[in-house]
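Enquirer: Here's a structure for you.
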Amino acid sequence: MLRITEVGRSTLRSTPKKYGSFHLLTRNLSASDESRRSIHTVGTIGQGLMGHGITQIAASSPHISSVIAYDPSGQAALEAGKSRILKSLDKMMQREKITSDDAEGVLGKIVFTDDIAALGNIEGPDIVIEAIIEDLGIKQKLYGELDGICPPTTIFASNTSSLSVESMSTAVSDSRKENFVGLHFFNPVQLMKLVEVIRAPASGDAAVDAVMQFCEDVGRKAVQCKDTPGFVVNRLLVPAVVQAMEMLDREDVLGGVPDIDACMQLGAGHPMGPFHLADYIGLDTTKFILDGWIESYPDNPSFTMPACLVKKVKSGHLGRKSGQGFYHWDGDKRGDPVKG
Ligand code: CAA
Ligand code: NAD
């Protein structure tokens, strides 16, 4: 088992002035505040684009005492997740949103591990939040294993973008089903303030209440949703991205990718155009979402597969995470559109 303190402190810079927007880390709490809360310890599974952010914001909350950050893909995936967290904390320090003591406090709560048994620790965790690849079979296999490892009271929460929470929960014992919910964070987790809380038919009130409180504790606005494909945001956003890709396939717009993106940024006020956004989400994840929906809802005309998306994923061009998608990327910095 590795602690982040073994690898990361040297990259944290000098102590800046404290800044109000990081109040979550420093707010004083009374004992009665704390006794009402049931989630104090967190496990996160998968330290990719989403998981590392969830680990970071959980560890940044004064209500959370520890975060066990696990990745099934092993050490390389853990190192990548850790370095993303360090980069984000560094950015916040440079912008004087947190001090180096704050950053050390966050890092000191996180234990990184590639051993799933760490999630069966006798003291918890109160919740595990899963953010692994968007594949129903792989998620079900993980939940089956976790069910035998975690205490019976641990809440299981999936960050799935599109899968049915009820289908994932078929992998766990009947008694766990009331403690199984969806908890859908948005990318980038550090900046996006919404979480969709998904209540499957068997999800219990106590688990839903606890995760609603958890969302408040990590500074997020929570909205409860039914277990429908894409919940609210992705049901609206992903079909719009698909339409943009189909325009590209049909060559509807002379200027292609940058012009379609400019239309939605400048004409509709979106912070990112649809191709920029798809690169940001990950083209593999976008395709996983559509694969699942097309299989489950073949007659829904909103769920179709654009040829350009299939071509990009086939060539390993997955967007920001692989350095190229519809745009070139230099780390987190977007470059020019890819020609052709
Ligand atoms: N950690 C900490 N701070 C960060 C950060 C990080 N990872 N990334 C950026 N920041 C900080 C920057 O330092 C900057 O700070 P200052 O204001 O002090 O300068 C601030 O955040 C804003 O950053 P930028 O100037 O780089 O970015 P921006 O103003 O262009 O906004 C954005 C970035 C919030 C991502 C914005 O472009 C946006 O809202 N894009 C749309 C994102 C979106 O739609 N997400 C949802 C995707 S769909 C999804 O998530 C669901 C799914 O299941 C697929
Ligand atoms: P990512 O590709 O960045 O990370 C994938 C994670 O899955 C990694 O931790 C990796 O180690 C793990 N993984 C890969 N193959 C695996 C396997 N065979 N078995 C077990 N684990 C495996 O993906 P991400 O963008 O962080 O997405 C993770 C989850 O969050 C998905 O369910 C996705 O739909 C959801 N989500 C994604 C976004 C987004 O914008 N990318 C937003 C909200 C929710």
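Enquirer: What's log10 of I(q)/I(0) for region 134-275 at q = 0.10, 0.18, 0.22 Å⁻¹, Debye sum over Cα points only, no solvent?
Expert: -0.43, -1.00, -1.29
Enquirer: Residues with beta-carbon under 15 Å from that of GLY316, excluding GLY316: net charge, scoring Lys, Arg +1 and Asp, Glu -1?
Expert: Values: positive: LYS287, LYS311, LYS312, LYS314, ARG320, LYS321; negative: ASP279, ASP284.
Residues near GLY316 contribute +4 overall.
Enquirer: By how many degrees, 0 to 90 and rounded to 10, does the Cα axis of helix 100-109 deviate from the longest principal axis of the chain?
Expert: Helix 100-109 sits at roughly 80 degrees to that axis.
Enquirer: Using only the alpha-carbon atoms of the chain as identical scatterers, what base-10 log of I(q)/I(0) does the Debye formula give at q = 0.10, 0.11, 0.12 Å⁻¹?
Expert: Debye curve over Cα of the chain, log10 I(q)/I(0) at q = 0.10, 0.11, 0.12 Å⁻¹: -0.61, -0.74, -0.88.
Enquirer: What pairs in LYS177/LYS226; LYS287/LYS333; LYS139/LYS193; LYS221/LYS333; LYS193/LYS333; LYS82/LYS321 have C-alpha atoms more than 18 Å from each other?
Expert: Numbers: LYS177/LYS226 16 Å; LYS287/LYS333 23 Å; LYS139/LYS193 25 Å; LYS221/LYS333 28 Å; LYS193/LYS333 22 Å; LYS82/LYS321 15 Å.
As for pairs spanning more than 18 Å Cα to Cα, those are LYS287/LYS333; LYS139/LYS193; LYS221/LYS333; LYS193/LYS333.
Enquirer: Also, quick follow-up: Could the peptides 137-146, 273-282 be put in order, highest first, of the mean number of other beta-carbon atoms found within 10 Å of their residues? Show your work: numbers first, answer last.
Expert: On the way: 137-146: 16.4, 273-282: 24.5.
Result, highest mean first: 273-282, 137-146.
Enquirer: Indicate, rounded to the nearest 5 percent, the antiparallel portion of the DSSP beta bridges found entirely in the chain.
Expert: 30
Enquirer: What nm distance separates the two modelled labels at SER100 and SER302, each placed 7 Å from Cα along Cα→Cβ?
Expert: 5.0
Enquirer: Can you order the peptides 126-132, 68-74 by their average number of other Cβ atoms within 10 Å per residue, highest first?
Expert: On the way: 126-132: 24.1, 68-74: 21.1.
Going from most to least packed, we get 126-132, 68-74.
Enquirer: Here is a follow-up. Kindly put VAL238, VAL211 in sequence by how many other C-beta atoms sit within 10 Å of each C-beta, fewest to most.
Expert: On the way: VAL238 24, VAL211 27.
Fewest to most other Cβ atoms nearby, the residues stand as VAL238, VAL211.
Enquirer: Near the amide H of SER66, under 5 Å away, which other amide H atoms are found, from residues 5 or more places off or on another chain, if H is placed in the peptide plane?
Expert: VAL42
Enquirer: Let me ask you something else. Could you put ASP102, ASP114, ASP205, ASP135 in order, starting from the residue whose Cβ has the fewest other Cβ atoms within 10 Å?
Expert: Values: ASP102 21, ASP114 16, ASP205 9, ASP135 13.
Taking fewest neighbouring Cβ atoms as first place, the list is ASP205, ASP135, ASP114, ASP102.
Enquirer: Calculate one ³J(HN,Hα) per residue across region 196-207 by plugging θ = phi - 60° into the Karplus curve 6.51 cos²θ - 1.76 cosθ + 1.60, and present them in order as whole Hz with x for glycine and proline.
Expert: For region 196-207, the Karplus curve yields 8, 9, 9, 9, 7, x, 8, 4, x, 4, 5, 5 Hz.
Enquirer: Would you mind ranking SER296, SER66, SER60 so that the residue whose beta carbon has the fewest other beta carbons within 10 Å leads the list? Please list the in-between numbers first.
Expert: Values: SER296 15, SER66 18, SER60 23.
Ascending number of Cβ neighbours within 10 Å: SER296, SER66, SER60.
A short reminder: the numbers here are calculations on the coordinates, not readings from a lab. Only a predicted model underlies this, so the values are computations on that prediction, with no experimental measurement involved. All Cβ positions, glycine included, derive from the backbone under ideal geometry; neighbour counts span all protein chains shown.
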